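Worksheet: one structure, shown below.
The values are calculated or read from the model by the stated rules, or taken from the named source; none is laboratory data. What you see is a predicted model; the values in this text were computed from it and never measured. Please note: Cβ atoms are built from the backbone with ideal geometry, for glycine as well, and neighbour counts cover all protein chains shown. For the accessible areas, the whole protein counts, side chains as well, though only heavy atoms, and no ligand, DNA or RNA atoms are used. Shrake-Rupley method; radii C 1.70, N 1.55, O 1.52, S 1.80 Å.
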Amino acid sequence: MKNKKIIFFFYLFFLIIYLEKASSEQFNFEAKEIKILEAGNVLSGKDGVKITSDNNIEIDADSFLYNKNTSILLINGNVEIYDRQNNVKISGEEFIYKKDIEKIFSKKKIQATLESKYNLNTKDLTYLVNEKEIVSKKKTTLTDNLNNLLETDNFTYSVINKIFKSNNFVYTDNTGNKSTINKAILNTKNNQIIGKDLEIDFNKDTFGNNNNDPRLKGRAIFINKNETKVNKGIFTTCKKNDKCPPWSMSADEIIHDKLKKTINYKNAVLKVYDKPIFYFPKFFHPDPTVKRQTGFLMPSIADNNNLGAHVSIPYFKVLSDSKDLTFKPRLYSDNSALINTEYRTITKNSKHIIDTSIKNKGSKKNSNNTKTHFFSNSKINLNNSLFETSDVEINLEQVSNNNYLKAYNINSSIVNNTSVLNSFITLSGFNDDLFFQGNIETYEDTSKEDSDKYQYIFPNIKIDKIFDLGIETKGQLSLNTNGFIKEYDTNIKEKQIINNLNYKSFSTPGPNGFFNNYSFILKNINSDTENPNNNNLKNSKLDILSAGMFTSSYPLKKINKNFTRFLTPKISFRYSPNNTKNIADSDTRINNDNVFSFNRIGHNDTIETGASMTIGSEYLINNSSNDNIFKLDLATVFNHKENTDLPTKSTLGNKSSNIFGNVEMKPSKYFNIKYNFSLDNDLNKSKYDLIKAEFSINNFVNSFEFLEETDELGNQGYWSNKTTLNLGDSNSLSFDKRRNTKTNLNEYYNLIYQYRNDCLTAAIEYNKNFYNDGDLKPGEELFFSITIVPFSKINTTNLNR
């Protein structure tokens with residue numbers, strides 16, 4: 001027994017010596033279980049396997065099998081290979097390490113980490129340890145810590161130089177822009193990419209149009225952290241097809257500055273269907289990721305008979321995070337210039353916009369005098385403790401020439417009306433049940449020449465208060481106060497305070513199917529007028545007026561297989577014991593939208609007097625898809641007595657008003673018509689007709705509008721027609737004409753041939769107008785226009801000169 005123990009210890013000693021000798025030559029093995037096979041030529045191990053090679057490569061796995069004779073190490077299960085010296089980590093389920101040639105490879109899927117910031121996924125990977133190269137000829141993805149994605153079908157990675165090479169390189173950045181590069185090199189240490197023969201597909205919604213395919217092709221590319229540089233680049237947003245794009249921008253060099261967020265071009269040429277149109281030695285614009293960036297905007301060219309030809313080169317300047325301006329100069333053919341500037345600033349509690357311009361005389365003898373405009377709008381949040389929301393708005397509008405804004409087509413976010421100028425200061429406050437507004441304001445009607453064009457209102461006060469009456473009252477009580485001091489028509493002065501106490505019930509169904517509601521108003525009017533009708537008199541009065549209205553409707557519904565029909569008869573009764581202020585000349589029109597309104601005459605300083613009854617009905621047909629295919633509204637008003645003080649155009653003052661009607665028909669997707677009319681009460685004559693119709697089938701579209709007013713309803717009449725013929729998917733021909741039926745003269749007509757696709761619109765336009773007003777003269781124009789999407793529209797000079 002003693003001899004057996006001695007023999008066992010000698011055997012164990014020599015085994016340890018053998019393993020130390022073997023491992024010192026190639027590997028150092030650690031495992032919970034290690035077996036020696038085939039006379040010591042094969043080792044196997046499992047559970048907690050740790051292997052260290054003589055070149056400091058560390059391996060963790062579930063099991064291993066090592067053949068000393070072939071120097072082949074098989075590694076299986078949760079394998080992790082570390083090359084700490086070169087900062088490489090490779091993971092997978094199965095690897096083979098050929099120690100004699102220092103080659104590690106796997107046919108299975110593997111993951112690797114490069115430089116602690118790139119995650120690589122592939123299969124059939126080989127690590128050449130002596131050459132310090134990682135190679136794969138299978139599909140590979142590489143993702144960095146910024147979520148930029150690289151895809152390739154083959155690669156070679158130099159562990160020493162940190163260079164990743166590929167012959168087919170697809171790079172998708174974290175914004176969705178996709179770059180395909182024929183041959184590329186990625187430096188994983190500094191994240192630089194160098195390549196040639198590339199195509200970048202930008203995110204489809206980069207320029208706000210998902211139908212576009214914005215892309216950039218180039219001969220060579222250089223990408224680093226701060227910029228992307230493309231040599232011999234061609235850019236377009238047009239949808240991809242087998243032909244040349246409708247437009248493209250080519251340049252010797254295109255640089256995307258990622259810090260400044262600008263795209264810079266050198267020796268750029270704009271081409272339309274591969275024909276050069278414009279040359280730009282140097283220019284830049286903001287990249288699509290930013291909304292505010294200093295730089296030139298796309299230029300434009302235009303021409304017309306009134307103003308001549310001009311070119312505009314706008315410039316956008318960011319002054320700070322909360323301030324910017326747009327400088328929009330126009331240079332005209334007569335050597336004159338129009339300088340337009342829009343300044344904007346916004347803070348946490350305020351917003352300000354200033355729009356101003358100046359137009360000089362020019363060199364021609366008949367040039368007009370210098371013209372200017374100044375518009376300004378400021379909104380300031382006051383954070384007043386009396387109201388949940390309170391603010392002040394200051395608006396200033398001024399022009400030096402009545403037709404300046406209209407003639408020179410000046411528009412912006414605050415130039416809303418070219419005929420009436422409105423300057424004011426308004427203070428407003430809101431609560432759930434209280435509204436307050438106070439302002440002072442002036443109006444200037446530029447269509448008038450004398451002092452009558454001015455109107456001054458200071459102050460103008462509005463207060464609305466809603467009282468909570470509880471659910472059981474089934475209605476709402478409110479108090480409205482309006483007061484102002486107004487001066488107009490040179491020397492007429494008017495002061496007024498109006499208090500309205502209103503009650504309106506909720507519309508509730510009764511047991512018999514009727515829906516009923518009623519309204520009451522008690523109105524207190526205090527007014528004082530100096531020089532009414534310029535007669536040097538003074539009128540003062542105090543009125544207390546009241547009125548009530550009851551409305552009832554009976555909705556009916558009939559459903560069959562194909563259609564659902566609705567019929568809603570409606571009736572209302574109203575009464576006021578007070579007299580109406582004379583507003584016969586007021587431009588008040590009644591139709592089916594307002595005939596059942598309590599204040600249908602639209603005046604706050606009077607009430608519709610007497611007793612009247614309004615009856616009407618709405619008939620509606622819906623198809624099985626719930627689309628309206630027919631609608632008919634009819635209504636009329638009966639008065640107890642005739643009232644000549646009510647607006648004549650409304651016919652409400654007659655014993656029996658006109659019959660107001662509206663018809664809408666859409667029998668199919670190809671045709672629809674709307675007809676609004678007003679018939680006299682004996683049905684002999686229509687005094688107001690407005691017809692709008694549209695017919696479209698295949699490539700033909702025709703829209704028509706007709707208006708005719710007669711007798712007390714007005715003296716306006718015209719018809720207009722626009723016909724469009726679509727010649728295929730991209731070409732169209734349209735003719736638009738309007739004729740005044742009262743003067744029997746044409747107002748204008750336009751003939752347009754247009755070619756249009758997803759990124760370019762080109763048109764030949766012939767316009768003739770007969771409008772004459774100051775600087776605006778009748779004109780006849782023929783010009784060619786081209787619109788580059790998403791940049792700008794360019795017109796040629798008037799070819800009809």
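So here's what we get for this one:
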| quantity | calculated |
| --- | --- |
| Total residues in segment 632-659, condition part of a loop (DSSP other than H, G, I, E, B) and among the hydrophobic types (A, V, I, L, M, F, W, C) | 2 |
| Entirely in segment 247-305, the strands (runs of 3 or more DSSP E) that have 1 or more residues that are at pLDDT 75 or above | 247-257, 262-272, 275-286 |
| Tally, over segment 409-428, of residues that are open to solvent by 20 Å² or more (accessible area, probe 1.4 Å) and either hydroxyl-bearing (Ser, Thr, Tyr) or in a strand (DSSP E or B) (or both) | 10 |
| Search result, residues across segment 39-85 that are touching a residue at least 60 places away in the same chain (Cβ under 8 Å) and open to solvent by less than 10 Å² (accessible area, probe 1.4 Å) | Ile57, Asp83 |
| Number of positions in segment 315-337 that are under 25 Å from Glu765 (Cα atoms) and at pLDDT 85 or above | 3 |
| Test for Glu694: is it part of a strand (DSSP E or B), open to solvent by 40 Å² or more (accessible area, probe 1.4 Å) and touching a Leu at 6+ places or on another chain (Cβ under 9 Å) | no |
| Residue pairs meeting the criteria (Cβ under 6 Å; at least 6 apart or on separate chains; first open to solvent by less than 30 Å² (accessible area, probe 1.4 Å), in segment 710-721; second of a type in the set (Phe, Trp, Tyr) and modelled with pLDDT of 90 or more) | Leu713/Tyr688 |
| Residue tally, condition buried (at least 16 other Cβ atoms within 10 Å of the Cβ), part of a loop (DSSP other than H, G, I, E, B) and not hydroxyl-bearing (Ser, Thr, Tyr), over segment 167-202 | 4 |
| Residues of segment 632-689 that turn out to be open to solvent by 60 Å² or more (accessible area, probe 1.4 Å), aliphatic (A, V, I, L, M) and either modelled with pLDDT of 95 or more or in contact with a Phe, Trp or Tyr (Cβ under 9 Å, 6 or more places away or on another chain) (or both), as a count | 2 |
| Subset of segment 335-349 that is crowded, with 17+ Cβ neighbours inside 10 Å and touching a residue at least 24 places away in the same chain (Cβ under 8 Å) - its residue that is farthest from Thr294 (Cα to Cα) | Ser336 |
| Single residue of segment 13-27 satisfying the filter (open to solvent by 70 Å² or more (accessible area, probe 1.4 Å) and not hydroxyl-bearing (Ser, Thr, Tyr)) that is modelled with the highest pLDDT | Glu25 |
| Boolean, Lys541 is open to solvent by 40 Å² or more (accessible area, probe 1.4 Å), under 30 Å from Asn500 (Cβ atoms) and in contact with a strand residue (DSSP E or B) (Cβ under 8 Å, 6 or more places away or on another chain) | yes |
| Hey, Ile380 open to solvent by less than 70 Å² (accessible area, probe 1.4 Å), β-branched (Val, Ile, Thr) and either closer than 20 Å to Glu494 by Cα or at pLDDT 85 or above (or both) or not | yes |
| So Lys35, is it part of a strand (DSSP E or B), modelled with pLDDT under 90, touching a strand residue (DSSP E or B) at 6+ places or on another chain (Cβ under 8 Å) and basic (Lys, Arg) | yes |
| Selected residue (criterion: nearest to Ile163 (Cα to Cα)) from residues of segment 86-97 that are hydrophobic (A, V, I, L, M, F, W, C) and surrounded by 17 or more Cβ atoms within 10 Å (Cβ to Cβ) | Val88 |
